[in-house]
Amino acid sequence: MDDNEMLSRLEARDESVLADIDRQYGRLISSVARNITGSPEDADELKSDVLHKLWNSIPPARPDSVRAFAAMIARQLSLNRVEAGRAKKRGEALPLDELCEIASDDEVSERIEAKELGKAISGFLSVCTPEERAMFVRRYVYAEPPGIIAARLGITKNSLGVRLCRLRARLRAYLKERGYIE
């Protein structure tokens, strides 16, 4: 089933589409939630929350991709869960914490809206290699652990860390060049 059909069924309020979305994207949703929370139990709960939020968001929203929209909802709900009281393990940073090194939340929110920043990051990713885009999306969108990303790309975890650090530095320069950060 394609995304347009799923979106049409969501807009028509056909509840059976949720089972189809779960079948098609449930593993991705659970994976994103588990990668961020570190808990399979939370991932299962969050998958239900994502489907519920998806149901309540469409309409009025009509995303281009149900997969990407569901992953974004999963990421945001997972981050909210972590921030609401789950203690992080000492020395283990969330992937988005690494990006915060580029600019503080205050700087970003004062200068641009999140949507504009998203467009700027998309512009940056459009000039990256496919492998760099894969690294960035897997780490900062899907919150995959570095070891898994490195294994998928056939590189060492250390090499991935160095490449992500360089990619963040390039992103910082890109955003600075365009006036998004100082």
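Results, tabulated for the structure shown:
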{"read-out": "The stretch 26-66 - residue that is under 15 Å from Ala143 (Cα atoms) and basic (Lys, Arg) and, of those, farthest from the chain's Cα centre (by Cα)", "value": "Arg27"}
{"read-out": "Check on Leu160, surrounded by 15 or more Cβ atoms within 10 Å (Cβ to Cβ) and in contact with a Phe, Trp or Tyr (Cβ under 8 Å, 6 or more places away or on another chain)", "value": "no"}
{"read-out": "Selection count where residues are part of a loop (DSSP other than H, G, I, E, B), among the small types (Gly, Ala, Ser) and either in the same structural domain as Arg138 (by TED's automatic domain parsing) or crowded, with 16+ Cβ neighbours inside 10 Å (or both), scope the stretch 36-83", "value": "2"}
{"read-out": "Residue match in the stretch 102-123 (condition: at pLDDT 80 or above, crowded, with 17+ Cβ neighbours inside 10 Å and under 14 Å from the mean Cα position of the chain (by Cα))", "value": "yes"}
{"read-out": "Filtered residues of the stretch 57-77 (kept if touching a residue at least 60 places away in the same chain (Cβ under 8 Å) and of a type in the set (S, T, N, Q))", "value": "Ser65"}
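The values are calculated or read from the model by the stated rules, or taken from the named source; none is laboratory data. The shown structure was predicted, so the numbers you read here are calculated from the model rather than taken from an experiment. We place every Cβ from the backbone using ideal geometry, glycine too, and count neighbours over all the protein chains shown.
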